[in-house]
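Data block below; observations after.
The values are calculated or read from the model by the stated rules, or taken from the named source; none is laboratory data. Treat the numbers as computed from the prediction; the structure is a model and nothing was measured. Because the Cβ atoms are built from the backbone with ideal geometry, glycine has one as well, and the counts that use them run over all protein chains shown.
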Amino acid sequence: MPSYASPTQFATERIRAAAVYCSDGRFGEQFDDLLQLHLRLPRYDRLALPGGSACLAGHPGANREEETASAHLEFLITTHKLEHLVLIAHQHCAFYVERLKMPESEIEAQQVEDLKQVIARAHRFDQDLRVDGYLARLIDHKVVFERIKT
């Protein structure tokens, strides 16, 4: 007998969508709001890791993470037959400061470039894949998402 049984019914069908975002738990509920409420992706596949898709952008300081994350993403795209991929970066990401050693003043511009690069990379896995990138900013204690134009 399990120690906890979720009251939520299990749904067997896949919705063919996934999100790659930072594992910073402070943003988890807002990421779910964007994906589930705004984009209407109720049971999206998740790839949450420090820095989100930053490790897929070719940074020398993230070589080890890039190989693993790339394999995971390719698996999701091909095996789960994804049709929609959402990439989310967030303001004040510690991965950029601590792992990539970037000054805070340069991070946002780098995140936008990284999102664009990873969008292009995801299309190499599947040209028909819809890929959207978002930058999450803190404004007056709320998380506001800006869609990145490619």
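From the residues in the stretch 81-112 that are under 12 Å from Ala17 (Cα atoms) and in contact with a strand residue (DSSP E or B) (Cβ under 6 Å, 6 or more places away or on another chain), which one is surrounded by the most Cβ atoms within 10 Å (Cβ to Cβ)?
Filtering the stretch 81-112 for residues that are under 12 Å from Ala17 (Cα atoms) and in contact with a strand residue (DSSP E or B) (Cβ under 6 Å, 6 or more places away or on another chain), the one surrounded by the most Cβ atoms within 10 Å (Cβ to Cβ) comes out as Leu85.
Being in contact with a Pro (Cβ under 8 Å, 6 or more places away or on another chain), modelled with pLDDT of 95 or more and either surrounded by 15 or more Cβ atoms within 10 Å (Cβ to Cβ) or not in a loop (DSSP other than H, G, I, E, B) (or both), is that true of even one residue in the stretch 32-50?
Yes, because at least one residue in the stretch 32-50 is in contact with a Pro (Cβ under 8 Å, 6 or more places away or on another chain), modelled with pLDDT of 95 or more and either surrounded by 15 or more Cβ atoms within 10 Å (Cβ to Cβ) or not in a loop (DSSP other than H, G, I, E, B) (or both).
Report, by residue number, each residue of the stretch 52-83 that is under 16 Å from the mean Cα position of the chain (by Cα), of a type outside the set (A, V, I, L, M, F, W, C) and closer than 23 Å to Arg137 by Cβ.
Of everything in the stretch 52-83, those that are under 16 Å from the mean Cα position of the chain (by Cα), of a type outside the set (A, V, I, L, M, F, W, C) and closer than 23 Å to Arg137 by Cβ turn out to be Gly52, Ser53.
Which ones in the stretch 54-75 are of a type in the set (A, V, I, L, M) and surrounded by fewer than 18 Cβ atoms within 10 Å (Cβ to Cβ)? Steps first, please.
Filtering the stretch 54-75 down to residues of a type in the set (A, V, I, L, M) leaves 54, 56-57, 62, 69, 71, 73.
Listed by number, the list holds a single entry, Ala71.
If Gly58 satisfies all but one of (1) on the phi > 0 side of the Ramachandran plot; (2) assigned to a helix (DSSP H, G or I); (3) not aliphatic (A, V, I, L, M), what's the number of the condition it fails?
(2)
Assess whether Asp114 counts as being part of a strand (DSSP E or B) and among the acidic types (Asp, Glu).
Against the criterion (part of a strand (DSSP E or B) and among the acidic types (Asp, Glu)), Asp114 does not qualify.
Being buried (at least 21 other Cβ atoms within 10 Å of the Cβ) and touching an Asp or Glu at 6+ places or on another chain (Cβ under 6 Å) is the filter here; which residues of the stretch 1-31 pass it?
Of everything in the stretch 1-31, just one residue is buried (at least 21 other Cβ atoms within 10 Å of the Cβ) and touching an Asp or Glu at 6+ places or on another chain (Cβ under 6 Å), namely Ala18.
Here is a yes/no grid of residues against (1) among the polar types (S, T, N, Q); (2) at negative phi; (3) in a helix (DSSP H, G or I):
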site: Ala62; (1), (2), (3): no, yes, yes
site: Glu66; (1), (2), (3): no, yes, yes
site: Thr78; (1), (2), (3): yes, yes, yes
site: Leu85; (1), (2), (3): no, yes, no
site: Ile88; (1), (2), (3): no, yes, no
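What pairs come up if the first residue lies in the stretch 33-59 and is within 20 Å of Ala11 (Cβ to Cβ) and free of Cβ contacts under 8 Å to residues at least 12 places away in the same chain, the second is surrounded by fewer than 16 Cβ atoms within 10 Å (Cβ to Cβ) and charged (D, E, K, R), and their beta carbons are under 9 Å apart, counting only those six or more places apart or on different chains?
Close Cβ pairs satisfying both conditions: Gln36/Arg43.
From (1) more than 17 Å from Ile119 (Cβ to Cβ); (2) in a helix (DSSP H, G or I), pick out the condition that doesn't hold for Pro2.
All conditions are met except number (2).
Does Leu138 fit the bill of being in a strand (DSSP E or B) and at negative phi?
Yes, satisfied.
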